[in-house]
Amino acid sequence: MELLRAVLRNRIFFNLAFVLLLVGGVIAYRTIPVDVYPDVPFNEATITTTWPGATAKEIELLVTQKLEDELLTLQDVVKVRSRSSRNRSLINIKFAEALSPQEFQNRITDLRAAVQRVGDLPSEAERPVVAPLTTWELWPLCKVVISGGEPGQTFSVEQEFQARQVARRLQPVLRQLEGVQKVSESFREPEIHIEVRQERLWDYGLTLLEVAERLRSLNRDFSAGQLSLQTGQFVLSTKGGREDPGRLEELVLFQRENTSPIRLGDLAEVSIGFEEAYLYERFNRQPCLTLAIVKEGPADSVQVVEAIKAELERYKREQAQRLPEGISLELVLDSSQIIRSRIRVLVNNLFGGILLVGVVLWLTLGARNALLALLGIPFSVLCAFIFFEPLGLTLNAISLFSLVLVSGMVVDDAIVVLESIYQRVEAGLELHDAVVEGTAEVIGPVFSSTLTTVCAFLPMLMMEGIMGQYFAVVPKTVAVTLAASLLECFFVLPVHYLEWGPGRRAAGEAAPAPVEPGWIQSLAERVAQLNARFVKRPWTMVSVGVLLIAMAAALATRVPVQLFPSDFQIYAVTAQLPEGSTLEQSRRVAVFIEDQLQEMVDKGQVEYFVSTTGMAWSADNVLVVASDLVQVTVFMHEDEDQPDRLLNETQRRVEQAFAGAGAPQVRRVVVAAPNDGPPTGKPVQVRLQLSDYEQAEALGLRVEGFLRGIEGVHSVERDLDRGPVRLDLSVREEARALDGVDEGQVGVLFQAANIGVRVGTFKDPRYGEAYDTKVLLAKGDRSGLAGLVDSPIRHPASRRLLPVGHFARLESRSSFKARPHFDGRRVVTILADVDPSVITSRGVNELLEGWLQETGIGEGVHYRLGGEFEETNKSFASMERAFYVALLLIYIVLATQFRSYGQPLIVLVSVPFAFVGVVLGLLAMGIPFTITSFVATVGLAGVVVNDVIVLVALVNTLRERGEPTEAAVVEGIRRRFRPILMTSVTTIIGLLPMALGLGGFSKIWSPFAATMCFGLMSAFLLIVLVVPSLIALVDSARGAAPARPAEAEA
């Protein structure tokens, strides 16, 4: 009490501290970065190796396998996934999640060293590129599109040059902006193509490789050292090649006796173009190039995007005269738009909850008490902001949701203190003494109740996996906010009540009339009367409580489980064409899809779309490059509140279009939203390990067939698909033995004829760029097999020219588009989505695992169920451990407070009471049990015990004064009914807007709020109706007499 009296004597100091903390919180708030989700380190890296012209099998055996053998020896490696496809090897390596940032950087250094140690990679392969994988590498902050040209077409060479130069000039402008880490481009490099006509090679008795070697020698620069003369010192060199590619055709290649010189123009045509296209991009049907902008980790996403927008507008104004006609610049895939949308929903729900809490407090406690209680919310939240930076927190969806969650809890402590003070004011006690005594009486219970809430949330830091890293934000935010609330409750609220609270009156003035509504008083009396009857036969209500808990446990298995449902603002239409389809065929399919979407853009239903031909994100978040893939990403308006309706409308349009006459043929079309949250994988993901891809394909087809037969399972696909027919050129044995021709000679010629061979570099004075110069067969000669087989090759012995077909033969074979590995072994992975209203991912995986065992596949083949199912098991297992740790911590706190081993168990019985409401509420509303629902259940363990704490503490006090147990229980429920009711109602009301979606519905956060609301409702009812009987039953079981004043232990 002396401490409280000292606080009241120093009111000015505490009022000033209150204001300073508010100001500090506002300042801290303005500096906190804003993101959609926390920037969680994935502890992953990618190794990309490019080998132009190589087949998927060559990439697998000569690149990927060699790298994997070295990578699997590294320390802290959890898993290694790879995909070997034509021209490219992509390896993803994941390190242990427990690594610190510095340890992860050390592992990246080790990784680069390991890659360097692999010294026997093919000489034609480019150097492997190692890149750490971050949230913003995976999902760039935004993109700038440079678009123009004819809708549905590709750029002409001139248009692509113009768009490319605009992008080149813009790239350094954007890169220098604060908060921008890098700006990645997606455009092709220019090349000079020397296309040699095959008939001219035969006419002049030359081979393609001889022409290439001659051009390479003529294009070299040689240094001849220094020459000292009297006039000075000079550097000698010989200069090869021509500066102007337009005059290359005049270049003399060969000079033979009695004949005219053979110039390059006699053999070939020279043109400036681009390297072979592997993808096409379009923005709203116009061809485009893109610049992907990656932000620095700690930068504020919204501020960075605003700076990019401002710079882009300034650039367009200043460069208006230099921008080529028809070229436009647009900002797309704007993450800040998603951030604003998510934050708007959470902020609307936060203020909606605060408003409802204020109304309830005003109706029940009076205007002044309501205002005093509500002051704790902005104070606690702003104080929490001060600690965000030291704790590594940002303002994101999870931290904002934590503030929404805690807003109702913050006023709970204030309600208990205000109610205790006001009871003494009503009794006629002098205001100063009422404040001191009322606050002092509840310091212990309030401190314990806050501590138990913190203890319930803190073990969430034990959660494992990506989910654990994301949800570590919740306990940190809740802990600092509740700690600030406790300070406000004990040191600020008493001062404010003394100065502004109800109950100040002149000497001799009558005590104020109670502000408690009559219905609360009447309800409290009715509940007390009920309990007076119940405690005489305590087994009755205790049995009811046990039966309800048992019923909830039985029904719990019927609650659908969905790990992380998505709130989305973008969705994608992904199409896969038949095996062997060309990039041009895929482009026509992309145009067909775009035509269906353009009408939605014209009507204002969606904002825009960006299509990519030849590349797509797979179902398990892997970037796949293949000529038979099309992916069109659709971006909705920022204020769109019915994303599912638009997605379904798009799916209907696309399905009808492809079912119509004249529609292009595709293997599959999927319209789906990306996972808006931690990357957990698909709901169904089974990985089968086999050494032979033919067997893997056959087994994968069987698994696909089983999954397609399960109701509610859709979008079934596998990562082992057939690709284009492979043509193998093999040297005949007689040619090898008699003519001395081997695969190396034939292979080099074949490669040069089809994709070209580099013979030099040309520096374009217009743009200051260096272009590779390539020699290859003319397009007409390499468009068919005959032209390639008829290419001339020189006989090693006779030096005569003979067609390649004389020495070698072509054999066609079916090939796989990509060859996947997991931990260095060949695998096939089957993926699928589920409709949670029909069946859960857990249910499908259990059916699949049973089928694998029944058919004997599971015994002969190593398999692994992964994706969302694996992440669910990992997260739920760690959450279960966290739940038990939370209960243990809460028990320790309660045992310390009550100095009893038994009474904490009475308090903890409120936890299964909350579980009853969670199960019944989710089932009644058809809401799935998500990872956020599990977080809410853990949090409930710390929230619901608070009501029992204040009840048991008062019952103990009354028993210590000599009252019988039954009388103490009835009086305790009568006096504590109002604070128990108010603390429950304020928390429920604070979360109700989010649970019902009044401020905007969220598939992620609304189940969390609903779980809390249902749990609090059932816990409140069972606490006021069952706990009094349980106290009486435990007391009678001990045979306790009325407690003596000295009694300290139960």
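The values are calculated or read from the model by the stated rules, or taken from the named source; none is laboratory data. Note that the coordinates shown come from a computational prediction; the quantities given were computed from them, not determined experimentally. Cβ atoms come from the backbone with ideal geometry, glycine included; neighbour counts cover every protein chain shown.
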For the structure I just gave you, tell me whether residue 865 is in contact with a strand residue (DSSP E or B) (Cβ under 6 Å, 6 or more places away or on another chain) and either modelled with pLDDT of 80 or more or not acidic (Asp, Glu) (or both). yes
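Output the residues belonging to segment 802-826 that are in a strand (DSSP E or B), among the charged types (D, E, K, R) and out of contact with any Ser or Thr (no Cβ under 9 Å at 6 or more places or on another chain).
813
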When (1) assigned to a strand (DSSP E or B); (2) out of contact with any Gly (no Cβ under 6 Å at 6 or more places or on another chain); (3) at pLDDT 80 or above are applied to residue 799, the one that fails is (1)
Discussion item. Condition first: touching a residue at least 60 places away in the same chain (Cβ under 8 Å), out of contact with any helix residue (DSSP H, G or I) (no Cβ under 8 Å at 6 or more places or on another chain), surrounded by fewer than 21 Cβ atoms within 10 Å (Cβ to Cβ) and outside any helix (DSSP H, G or I). Can you find one or more residues in segment 369-390 that meet it?
Written reply: no
Residue 458 fails exactly one of (1) over 30 Å from residue 40 (Cα atoms); (2) part of a helix (DSSP H, G or I), namely (1)
Inside segment 638-667, the number of residues satisfying the requirement of being under 22 Å from residue 585 (Cβ atoms) and in contact with a strand residue (DSSP E or B) (Cβ under 8 Å, 6 or more places away or on another chain) is 5
Expected output for segment 192-217 (first residue in the same structural domain as residue 758 (by TED's automatic domain parsing), partner of a type in the set (Asp, Glu) and surrounded by fewer than 20 Cβ atoms within 10 Å (Cβ to Cβ), Cβ below 7 Å, 6+ apart or cross-chain) is 195/269; 198/790; 200/266
Of the residues in segment 422-437 that are under 26 Å from residue 948 (Cβ atoms) and at pLDDT below 85, the one that is surrounded by the most Cβ atoms within 10 Å (Cβ to Cβ) is 422
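Among 69, 39, which is modelled with pLDDT under 90 and among the acidic types (Asp, Glu)?
Going through 69, 39 in turn, just one is modelled with pLDDT under 90 and among the acidic types (Asp, Glu): 39.
Could you name every one of the helices (runs of 4 or more DSSP H) located completely within segment 891-987 that has at least 2 residues being within 37 Å of the chain's Cα centre (by Cα) and either surrounded by fewer than 21 Cβ atoms within 10 Å (Cβ to Cβ) or not acidic (Asp, Glu) (or both)?
Numbers: elements: 903-908, 910-925, 931-960.
In segment 891-987, 910-925, 931-960 are the helices (runs of 4 or more DSSP H) which contain 2 or more residues that are within 37 Å of the chain's Cα centre (by Cα) and either surrounded by fewer than 21 Cβ atoms within 10 Å (Cβ to Cβ) or not acidic (Asp, Glu) (or both).
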Per the filter on segment 23-63, residues surrounded by 15 or more Cβ atoms within 10 Å (Cβ to Cβ) and either acidic (Asp, Glu) or farther than 30 Å from residue 81 by Cβ (or both) are 25, 28, 29, 32, 33, 34, 35, 39, 44, 58, 60
Exactly one of 615, 636 is in contact (Cβ under 8 Å) with a residue 24 or more places away in the chain, within 27 Å of residue 81 (Cβ to Cβ) and hydrophobic (A, V, I, L, M, F, W, C), and that residue is 615
Flagged pairs (Cβ under 9 angstrom, 6 or more apart or on separate chains; first in segment 305-323, within 18 Å of residue 337 (Cβ to Cβ); second of a type in the set (Val, Ile, Thr) and not in a helix (DSSP H, G or I)) are 305/293; 307/180; 308/144; 308/180; 308/293; 312/144
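I'd like to know if segment 827-843 contains one or more residues that are part of a helix (DSSP H, G or I), within 30 Å of residue 165 (Cβ to Cβ) and charged (D, E, K, R). Please lay out each step first, then the result.
Here is the first cut: in segment 827-843, the ones part of a helix (DSSP H, G or I) are 841-843.
The next check asks that each one be within 30 Å of residue 165 (Cβ to Cβ); those that pass are none.
No, segment 827-843 contains no residue that is part of a helix (DSSP H, G or I), within 30 Å of residue 165 (Cβ to Cβ) and charged (D, E, K, R).
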Of the listed residues (606, 624, 591), the one being closer than 12 Å to residue 573 by Cβ and hydrophobic (A, V, I, L, M, F, W, C) is 606
Tell me, yes or no, whether segment 16-25 has at least one residue that is at pLDDT 80 or above, not aromatic (Phe, Trp, Tyr) and not in a helix (DSSP H, G or I). no
Of the residues in segment 887-926, those that are more than 30 Å from residue 837 (Cβ to Cβ) and small (Gly, Ala, Ser) come to 895, 900, 902, 910
Please tell me if residue 1004 is touching a Ser or Thr at 6+ places or on another chain (Cβ under 7 Å), under 19 Å from residue 938 (Cβ atoms) and surrounded by fewer than 24 Cβ atoms within 10 Å (Cβ to Cβ). yes
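Residue-by-condition table, conditions (1) within 27 Å of residue 464 (Cα to Cα); (2) touching a Pro at 6+ places or on another chain (Cβ under 8 Å); (3) free of Cβ contacts under 8 Å to residues at least 60 places away in the same chain:
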residue: 906; (1), (2), (3): no, no, no
residue: 914; (1), (2), (3): yes, no, no
residue: 919; (1), (2), (3): yes, no, no
residue: 922; (1), (2), (3): yes, yes, no
residue: 933; (1), (2), (3): yes, yes, no
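Can you tell which of 944, 950, 938 is within 21 Å of residue 1013 (Cα to Cα), in the same structural domain as residue 548 (by TED's automatic domain parsing), touching a Lys or Arg at 6+ places or on another chain (Cβ under 6 Å) and of a type outside the set (Lys, Arg)?
950
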So the strands (runs of 3 or more DSSP E) completely within segment 250-313 holding 2 or more residues that are closer than 26 Å to residue 162 by Cβ and at pLDDT 90 or above are 280-283, 286-295
Flagged in segment 817-855 as touching a Lys or Arg at 6+ places or on another chain (Cβ under 6 Å) and aromatic (Phe, Trp, Tyr), in numbering order, are 822
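Free of Cβ contacts under 8 Å to residues at least 60 places away in the same chain and either in a helix (DSSP H, G or I) or over 37 Å from the mean Cα position of the chain (by Cα) (or both): which single residue out of 482, 400 fits that description?
Details: 482 fails: free of Cβ contacts under 8 Å to residues at least 60 places away in the same chain.
Answer to the check: 400.
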- Quick one: would you say residue 129 is in contact with a strand residue (DSSP E or B) (Cβ under 6 Å, 6 or more places away or on another chain) and either β-branched (Val, Ile, Thr) or surrounded by 19 or more Cβ atoms within 10 Å (Cβ to Cβ) (or both)? yes
Q) Do we have residue 444 as outside any helix (DSSP H, G or I) and not aromatic (Phe, Trp, Tyr) here? A) no
Note on residue 999: of the conditions (1) at pLDDT 80 or above; (2) part of a loop (DSSP other than H, G, I, E, B); (3) under 30 Å from residue 561 (Cβ atoms), unmet is (1)
Residue pairs within 9 Å by beta carbon, gap of at least six or interchain, first lying in segment 777-791 and closer than 14 Å to residue 750 by Cβ, second hydroxyl-bearing (Ser, Thr, Tyr), listed first then second, are 777/791; 781/791; 782/791; 791/207
Condition set more than 25 Å from the chain's Cα centre (by Cα) and of a type in the set (Gly, Ala, Ser), scope segment 321-347, selection farthest from residue 395 (Cα to Cα): answer is 326
Residue match in segment 143-150 (condition: polar (S, T, N, Q) and at pLDDT 90 or above): yes
